[in-house]
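Here the structure comes first, spelled out in structure tokens, and everything after it is commentary.
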Amino acid sequence: MSEREIPRGLIQALRYAGRITVLTGSGISAESGVPTFREARSGLWARYDPQQLATAEAFERDPHLVSEWYEWRRRLVSEAEPNPGHRALAELEGRVPVFTLITQNVDGLHRRAGSENVIELHGNILRSRCSWEGETVEPEEGGAVPPVCPNCGAPLRPDVVWFGEMLPAGAFEAASEAARECEVFLSVGTSSLVYPAAALPYEALESGATLVEVNPSETPLTGNADHVLRGPAGEVLPELLRKAFSPTSR
Ligand code: BJW
């Protein structure tokens, strides 16, 4: 792996920051074998648009189809392991006085990597909840698709936030506060297209934070970032950590 150029100013900003906030998207889990949201359409799913499937309307219209899609993605998530990008962020948490990890991901891999102060904006795909009562419940193994609520018989849905739905109570407010109060904000592996999460880097910028984007591709955020690190998160983040915190790099 070739070393990429990481600006000295960024290394210093990370090393001496009292507060760092990170926003992640599905790109950070790509190297764990979990397809990014917009790419979760291989094989049987190639002819469906993820943006159309991740809605309450699609679930009402065809609960079987939407549940099968989530079942396929759950299987990929269950088989996945955190990668060096997830682990670098868990390590960063231990090096910074105040660290907040905001994730749009529903795969739970950050916590499995050891991150503790995690705000999950879009829920968790491994949990299910009753589509009528909203309670989180444990589905029966190998039952109907979609499984039904053991309490009221309604179809169970994944405990995630679909387009047009509100984020979990308090989650966006906590994320917004962490964005406004940090000195360095990293946006990692997200297309920066989905709101309100996509507004967070701009809140950080307005409050004077240094904004860093880590992504192999350009996004609508790129032109606003102080530093753009092009490449996969599983390579860029460990390198960033090594350069900012290893004793020999001082
Ligand atoms: C790598 C890599 C590697 C590859 N390393 N990187 C303006 C303001 C507010 C709201 C709106 C607005 N305009 C429109 C809205 C509504 C809507 C919205 O944003 N729509 C957009 C399409 C425009 N937002 C909502 O509906 C939200 N709710 C809301 O606003 O409530 C208030 C309200 C209610 C009613 C009416 C109106 C307003 C809810 C959004 C919920 C999003 N939920 C999903 C699905 C979760 C469950 C599931 O996974 O199935 O969350 S959608 C999907 O997008 C998922 C993701 O978390 C999220 C972000 O996607 P992400 O992670 O960025 O993935 P990709 O695939 O897009 O990008 C991957 C990136 O990784 C790429 O850039 C690659 O280059 C990169 N990459 N490999 C690093 N190795």
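Observations, loosely collected:
- The charge dipole of the chain, taken about the Cα centre with unit charges on the Cβ atoms of Lys, Arg (+1) and Asp, Glu (-1), comes to about 760 debye, rounded to the nearest 20.
- Whether the stretch 1-102 is rounded, prolate or oblate, judged on the alpha carbon gyration tensor where a/c under 1.5 counts as rounded: prolate
- Computed from label points 7 Å out along Cα-Cβ, the spacing between Glu81 and Glu133 is 3.9 nm.
- Karplus-derived 3J(HN,Hα) values for the stretch 52-57, using 6.51 cos²θ - 1.76 cosθ + 1.60 with θ = phi - 60°, are 7, 6, 8, 9, 5, 5 Hz; glycine and proline are entered as x.
- Cut-off 14 Å between beta-carbons: net charge of the residues surrounding Gly25, Lys and Arg +1, Asp and Glu -1: -4
- Dipole of the chain [Lys/Arg +1, Asp/Glu -1 at C-beta], most positive-end residue of Ala17, His64, Val118: Ala17
- Over all other residues within a Cβ to Cβ distance under 12 Å of Arg112, the charged ones net out to -1, with Lys and Arg as +1 and Asp and Glu as -1.
- Residue-by-residue Karplus 3J(HN,Hα) for the stretch 128-133, coefficients 6.51, -1.76, 1.60, Hz, glycine and proline x: 10, 9, 5, 6, 9, 8
- Residues Arg230 and Asn117, FRET efficiency given R0 of 25 Å [Cβ-Cβ distance, rounded to 0.05]: 0.35
- Other residues with beta-carbon under 15 Å from the beta-carbon of Asp62 carry, at +1 per Lys or Arg and -1 per Asp or Glu, a net charge of -2.
- What the stretch 166-250 shows is 43 Å² of accessible area per residue, with the surface traced by a 1.4 Å probe over protein heavy atoms.
- Working from label points 7 Å from Cα in the Cα-to-Cβ sense, the Met166 to Arg61 distance is 2.6 nm.
- Placing +1 on the Cβ of every Lys and Arg and -1 on the Cβ of every Asp and Glu, with nothing else charged, gives the stretch 110-250 a dipole about its Cα centre of roughly 460 debye.
- Residues with amide H under 5 Å from that of Ser128, placed H, sequence gap 5 or more: Val137, Asp159
- Cα Rg, Dmax (largest Cα-Cα span) when computed across the chain, Å: 18.8, 61
- For Val145 and Ser217, a Förster radius of 35 Å and the Cβ-Cβ distance give a FRET efficiency of 0.50, rounded to the nearest 0.05.
- DSSP beta bridge pairing in the stretch 77-171, given as percent antiparallel to the nearest 5: 75
- Virtual spin-label span in nm between Gln52 and Glu71, 7 Å along Cα→Cβ: 2.1
- Accessible area of the chain belonging to carbon and sulfur atoms, whole % at 1.4 Å probe: 50
- Separation of alpha-carbon centers, the stretch 132-153 and the stretch 221-250, rounded to whole Å: 43
- DSSP beta bridge pairing in the chain, given as percent antiparallel to the nearest 5: 25
The values are calculated or read from the model by the stated rules, or taken from the named source; none is laboratory data. Predicted, not measured: the structure shown is a model, and the values here were computed from it. Every residue, glycine among them, receives a Cβ derived from its backbone with ideal geometry; neighbour counts consider all protein chains shown. Accessible surface is based on the protein model in full, side chains and every heavy atom, while ligands, DNA and RNA are left aside. Shrake-Rupley method; radii C 1.70, N 1.55, O 1.52, S 1.80 Å.
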